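The values are calculated or read from the model by the stated rules, or taken from the named source; none is laboratory data. As the structure is a computational prediction, the values presented were derived from the model and not from experiment. No Cβ is skipped: glycine too gets one built from the backbone with ideal geometry, and neighbour counts run over all protein chains shown. The protein model used for the area step is the full one, side chains on, heavy atoms only, and it has no ligands, DNA or RNA in it. Shrake-Rupley method; radii C 1.70, N 1.55, O 1.52, S 1.80 Å.
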Amino acid sequence: MTTGKINVSVENIFPLIKKFLYSDHEIFLRELVSNATDATLKLKHLTSIGEAKIEYGNPKIEVKIDKENKKLHIIDQGLGMTAEEVEKYINQVAFSGAEEFLEKYKDSAKDSGIIGHFGLGFYSAFMVASKVEIITKSYKDKPAAHWTCDGSPEFTLVPHDKTERGTEIILHIAEDSLEFLEDFKIRELLKKYNKFMPVPIKFGTKKETLPLPEGSAEDAKPEEIEVDNIINNPTPAWTKAPTELKDEDYKDFYRELYPMQFEDPLFSIHLNVDYPFNLTGILYFPKMSADLQIQKDKIQLYQNQVFVTDNVEGIVPEFLVMLRGVIDSPDIPLNVSRSYLQSDGNVKKISNYITRKVADKLKSLFNENREDFEQKWNDIKIVLEYGMLSEPKFYEKAGDFVLYPTVDEKYFTLTELKDKISANQTDKNGKLVVLYASNKEAQHSYIDIAKEKGYEVLLLDSPIVSHLIQKLEADNENLTFVRVDSDHLDKLIQKEDTQISKLSEEESTKLKTVLEELVPKATYTVQLEAMDSNAAPFMITQPEFMRRMKEMSQTGGGGMFGMGNFPEMYNLVVNTNSNLATTILSTEDKSAQEHLVKQAMDLAKISQGLLKGEELTAFVKRSFEMIK
């Protein structure tokens, strides 16, 4: 029997381990199962190169609860250890690893956002155990060893009669950690952290019904047998080559990752690179909602098939955190705070690779089946538009596949759109004017006027569209986007042939004075325009610049002087060539004149969806009285 003292240079390391990241006590199981997996895979390697002259077989890891004796067992059939190796790897290497880890993070661990916590290793067992035993038998022809430590620096190491190869770790669960003796808790942790570990993990048994042999009697009962309950999938889809997988395999894996998700993903992107870093994974485009926040934290980060975190900001480009799936890389540093990730060279390369891979996949989907891509556009556009704004490398490639749909559900790339509208929608200054609507129903009358002139009107309705068109205008000379209701059409696309007003200058001044007395100055600016006599007499528009700045301010960034809080401002555009303008001007009765303006104003408001509440009730009542 050997007894000894672990060399402690950090004062009271066991209490520190006990307290370390209090809410994360559960990671002890991940660490111990990971160690068992490493021991198993190392043995596999040694047998494959002929260094271990033994039968590898079909080893598994078993996790067992002994509730009565308050013990938790983690058993593997890996390479095991000799007494000398226990002395070296447990008393020296593992301990110094835990010691170094804690020394580095004990003061800042709770708030530094350490994303992985790998490195605590074997000694994380003392987070939940008052005593830990190791019973281990090496694959070498050496006696088994039994190590015991009660959380003080003292340990004992004695021979043991274990004959089977591998290691059993026994945790005597402490009184404040009895939750880890509950089946549901251990099952939940194994599912969370070890669901895709590369070695089968047994947790209890389950009943399985055998199929009846052919020719069985009608009343024959199928036989039930008890089998190991293997809780993990050791060969998840991302560990396979893309050539081994069909579309259905990707969908099946999506359902495995997200059992509560009933809709299939739109498409998947298989990541697989081994230079200049190692990374595998599968990303899925789910159907997107307009809410940018709701989709976050759905990508899971693994290291060698061990779950690390589902908060991948800083690793995955920001615009892709709304996707779902798995990324597995041994090259992402885990024992660092998130602020370090921003400057880590490997992480930047990984982020750039993912951006490029996603862009290439989108381009190939667009080229292979444009019709299908167009049908999916509304479900993916928010991610792609956000990507264009936030990732220069993605923006460079986006011209090949980003679409601009019209209100008639035709889809153009920006290049195609320019070719399509250049003949008809170039103004007198040589500027190409792209008309767009944000709501097909609310802006219907404005869209209708534009279509009568043969103009194309885009439907751009995502919440970040103001930011996007600002960027497109900056990068495309002589291109401007204007919402179709931001002014009357002849003003939006000014051609040489301007209309002549029926009203003299004096009449126009008089009309403007009458209108300004009756129209609320705080909200509306009166604007007289000579238009076609058939055009609407009154039209409400919202200036493009003001509205765009306000929208940009509300969705973050770009709003000058805090415009998000500005009250809504509109133009009241009055067609001086309309019969109504002449009638208002010639009506002597002030009350009748006011009635005409009020009715026309309310009709203009209705076309913009601005007439609501009390005003709408009064308008309806007044209109019924007119047709009695």
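Scattering from the C-alpha atoms of region 149-296 alone, worked out with Debye: what is log10 I(q)/I(0) at q = 0.19 1/Å?
Listed by q, the Debye log ratios stand at -1.26.
Which percent, nearest 5, of DSSP beta bridges in the chain are antiparallel?
Taking every DSSP beta bridge within the chain, about 75 percent pair in antiparallel fashion.
Once whole DSSP H runs in the chain are found, which of them have Cα atoms spread over 24 Å or more along the helix axis and a mean Kyte-Doolittle score of at least 0.0?
Result, helices passing both filters: 27-48.
Is the shape of region 220-263 best called rounded, prolate or oblate, per the rule: a/c under 1.5 gives rounded, else a/b larger than b/c gives prolate, else oblate, with a ≥ b ≥ c the square roots of the Cα gyration tensor eigenvalues?
Prolate.
Alpha carbons only, please: Rg and Dmax for region 582-628, in angstrom.
Over region 582-628's Cα set, Rg and Dmax evaluate to 11.6, 32 Å.
If you roll a 1.4 angstrom probe over the protein chains with everything in place, what fraction of the accessible area of the chain belongs to carbon and sulfur, to the nearest %?
Of all accessible area on the chain, carbon and sulfur atoms account for 49 percent.
How far is it, in nm, from the label point at Lys590 to the one at Ala423 when both lie 7 Å from their Cα along the line to the Cβ?
The answer from the label model is 5.6 nm.
Rounded, prolate or oblate: which fits region 365-478, taking a ≥ b ≥ c as square roots of the Cα gyration tensor eigenvalues, rounded meaning a/c under 1.5, else prolate when a/b beats b/c? Before the final figure, lay out each step's value.
Values: a/c = 1.56, a/b = 1.29, b/c = 1.20.
Here region 365-478 falls in the prolate category.
May I ask you to give the solvent-accessible area per residue for the chain, in square angstrom, as obtained with a 1.4 angstrom probe?
50
Could you tell me which of rounded, prolate or oblate describes region 395-460, using a ≥ b ≥ c as the square roots of the eigenvalues of the alpha-carbon gyration tensor, with rounded for a/c under 1.5 and, failing that, prolate when a/b is larger than b/c and oblate otherwise?
Numbers: a/c = 2.22, a/b = 1.23, b/c = 1.81.
Note, shape of region 395-460 comes out oblate.
When the helix-only estimate is applied to the chain (DSSP H runs of n ≥ 4, each -39,500 (n - 2.57), divided by the residue count), what is the mean residue ellipticity at 222 nm, nearest 500 deg cm²/dmol?
So the helix-based figure for the chain works out to -11000 deg cm²/dmol.
Could you list the GluC sites (Glu not before Pro) in region 585-624 that lie in coil according to DSSP, counting only those with at most 15 other Cβ atoms within 10 Å of their Cβ? Walk me through the numbers before you get to the answer.
Working: sites: Glu588, Glu594, Glu614, Glu615; in loops: Glu588.
Loop-located and lightly packed - Glu588.
Based on the Cβ-Cβ distance of Asn69 and Tyr89, what FRET efficiency does E = 1/(1 + (r/R0)^6) give at R0 = 35 Å, to the nearest 0.05?
Efficiency at R0 = 35 Å is approximately 0.85.
List the extent of the Cα atoms of region 365-430 along each of their three principal axes, largest first, rounded to whole Å.
Largest to smallest, the principal-axis extents are 36, 27, 20 Å.
Work out, step by step, the length gained on full extension between Glu223 and Lys393: first 0.36 nm times the residue separation, then minus their alpha carbon distance; give nm to one decimal.
Result: 55.2 nm gained on full extension.
What does the charge add up to near Asp328, with Lys and Arg as +1, Asp and Glu as -1, over the other residues with Cβ less than 14 Å from its Cβ?
Every neighbour counted, the sum reads -1.
From the C-alpha coordinates alone, can you work out the Kirkwood hydrodynamic radius of region 131-202, in Å?
Working: mean 1/r = 0.0691 Å⁻¹.
For region 131-202, the Kirkwood estimate is 14.5 Å.
Mean projection of the alpha-carbon convex hull of the chain over all orientations, in nm²?
43.8
Convex hull over the Cα atoms of region 435-496, averaged projected area in nm²?
4.6
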